[in-house]
1. State the three equivalent ellipsoid semi-axes of chain A, derived from the C-alpha gyration tensor as the square roots of 5 times its eigenvalues, in descending order and whole Å.
2. Are there any GluC sites (Glu not before Pro) in segment A:431-531 that are in a DSSP loop and have at most 12 other Cβ atoms within 10 Å? List them by number.
3. Counting only helical runs of four or more DSSP H residues, what would the 222 nm mean residue ellipticity of chain A come to if each run contributes -39,500 (n - 2.57) and the total is spread over all its residues?
4. Cross-link list A:K358/A:K477; A:K163/A:K268; A:K275/A:K337; A:K248/A:K337: which exceed 27 angstrom alpha carbon to alpha carbon?
5. Which helices of chain A meet both criteria: a Cα extent of 18 Å or more along the helical axis and a mean Kyte-Doolittle score no lower than 0.0, with helices taken as whole DSSP H segments?
6. Using Cα pairs closer than 8 Å and at least 6 residues apart in sequence, work out the relative contact order for segment A:26-163, in percent.
7. Where nothing but the Cβ of Lys and Arg (+1) and of Asp and Glu (-1) is charged, how large is the charge dipole of the protein assembly as shown around its Cα centre, in debye to the nearest 20?
8. List the aspartates and glutamates whose Cα sits under 18 Å from the Cα of A:K97, skipping any in the same chain fewer than 8 residues away.
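The numbers here are math on the coordinates, done by the rules we state, and not lab data. None of these values were measured; they are calculated from a predicted model. Every residue, glycine among them, receives a Cβ derived from its backbone with ideal geometry; neighbour counts consider all protein chains shown.
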Amino acid sequence: MRRVWVVFGSFLLAYGFIIFRLFYWQVVASDSLRSAAAAQYFLQFPIPATRGTIIASDAKPLVMNQAASLVYATPKDINDTRSFSQQVSPILSLESKDVQDRISQPGMVWVPIARKVDREISDKLRQLNLKGLGLEKESKRYYAESSMAAQLLGFVGSDENGKDRGYFGLEGYYDRELRGKDGSLQVEKDVHGTPMLVGDVIRIEPENGRDLVLWLDRTVQYSTERRLREGIQKYGAKEGSVVVLDPKTGGVLAMASYPNYDPGIYTKFSREYYKNPIVASSYEPGSTFKVLIMAKALDENVITPNTEVDETEAIQVDKYFIKTWNDTYHGRIPMTKVLEYSSNVGMVFVQKKLGKDKLLSALHDFGIGQLTGIDLQDEATPELRDDRDWSEVDLATASFGQGIAVTPLQMLRAVSSLANDGVLMEPRVVKEIRDKKEQHITVPPKKVRQVIRPATAHVITEMMVAAVDNGEAKWAKPNGYRIAGKTGTAQIPVAGHYDEKKTIASFVGFAPADEPKFVMLVTLREPASSPWGSETAAPLFFTIARDLFSYYGISPR
Amino acid sequence: MKKFILKSLGIIPFAAIILVIFELIVSNELASYGGRILSLDTSIESMQQENDTLEAHIASSSALSVIQVKAFAQGFTQPTSVLSIGPVEVALHQSRP
């Protein structure tokens, strides 16, 4: 009987052990086993989303995608790492030792060797038929017009997880719209690893990125960039920029800066070139700013075009004397002549007539010291001093554009309101956003505010036309066209004082004056041939304007 | 009638066996289609890549810098002056009385 109980007890123990192990495998370890089993009989592929295209206004692509590959190694499948590296590295233009070191690291199952490899190179790698070498499909940005509008477009780099991400310009600002959302495909596989049609399939479609259609005109951009490069060389400037807007819509027709870079190979350029100086750098606008203060004074009815000022000598403000730019004085002159002669003395008179509150109100109304809201990632604004911190001399110098800083885009947007019946618009680069289902989202032009009355805008336009026809730059103006504009020559502040030799030469204007098709600002930093805007930036403006008249079919009168 | 029904009932097991065998054959065939699907997917991917490459080639060929170089090579030059023909005074443009 005892032996029966011993046998019975042994069976009970054995069954208890089996039940315990079954409990462990089916309950405690079930999740990990399920995952391991799924890995054995499921294949999972990510379906990458295609990044959106950036298209110019003539429907030609500026930025698109090109097929590329991620090259990787699986070290456990490589028998001879040295031979492997020696075969792979010359094709990828890498050091053989670097590749060998990477694939020889202990514990590595999957090692990336190179990213965004072109198709020709990946085809060569495929022909090697090397065990342990793998290629994964990925896409690469392709810039059809090379470095055109580089700072406006931005570039695509990698984020901290190695995923594509846009930086600067449009690629940065619209990164989420352009990126889309990856999908996935999960299928059951057979013992050979091939998908089974009768098995389970779970497919999540990717949401491809949206395309951006720009206001940018490819021809205007190309022509502008070419003329800017020629101008910088001709006038010996260190840097330069040109921006062209449509005054009615605020659409950016062209935005060119030099020096620039190639976004396709951005790593080969210094980081300082990535920033768009038109939206992110500031300068003192100089005499171009006079048109804004004059416009406000006219709008406030504190002056008329025929109001006269006594310009016989330098004017004293506080303990300073403010002279004309060439120390020449013309006696009693009307406001129209103040712009023609670009008289600092005349502008101080206007500022005193306007008064502090109205002048500061003018700055705020024209958007000085405020972000324009343009759809580019890197926009910045110089700070305007607090309303309480303006001294008498600050107000005086601000009236002729010194002691106050703006970005080129802020300056141009403000002048653009004069060409648009006094309406300040929000500048935009993108006109339309499209998704792959052909749904279009139009980005409508945005009116910010009415800065001056339409009648005032027409008056200041005529004064600016007179300034071009009779001013220092009249020699360069194209015949037969009414162009409203103003030259500017601003000294560059260096270590708390103004450098006498270093200037920023600029010209801002719009044409045709009666029905403006474009408004443009040209800036040249430290032109060597002449410091004056009338001899450098103005002729460059008129050269580009001639191209635009021809392109838009605008005949002279 | 009863004989007919009994005979019919006798056929059912055979029919079931034939259908099971048929299902096994079809499933087996379908299971091997996975390889062909993979091959088709690879072809589709390859053609899409080819399309992308061709699109990029078209875009680069129509780049303005390329067009300018080709235009200069063919003898086109920048116009030095532009002649504008203004509103022409012809009868067609005059309003009739």
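1. For chain A, the ellipsoid semi-axes come out as 66, 26, 22 Å.
2. When the GluC sites (Glu not before Pro) of segment A:431-531 are filtered for loop state and at most 12 Cβ neighbours within 10 Å, A:E438 remain.
3. -10000 deg cm²/dmol
4. Long pairs (Cα-Cα over 27 Å): A:K358/A:K477; A:K275/A:K337; A:K248/A:K337.
5. Numbers: long enough: A:2-23 (31 Å, 1.43); A:218-235 (25 Å, -1.59); A:454-470 (24 Å, 0.67); A:537-552 (22 Å, 0.76).
In chain A, the long hydrophobic H runs are A:2-23, A:454-470, A:537-552.
6. Working: 156 pairs, mean separation 43.9, N = 138.
The value is 32 percent.
7. Rounded to the nearest 20 debye, it is 1800 debye.
8. Excluding near neighbours in sequence, the set is A:D80.
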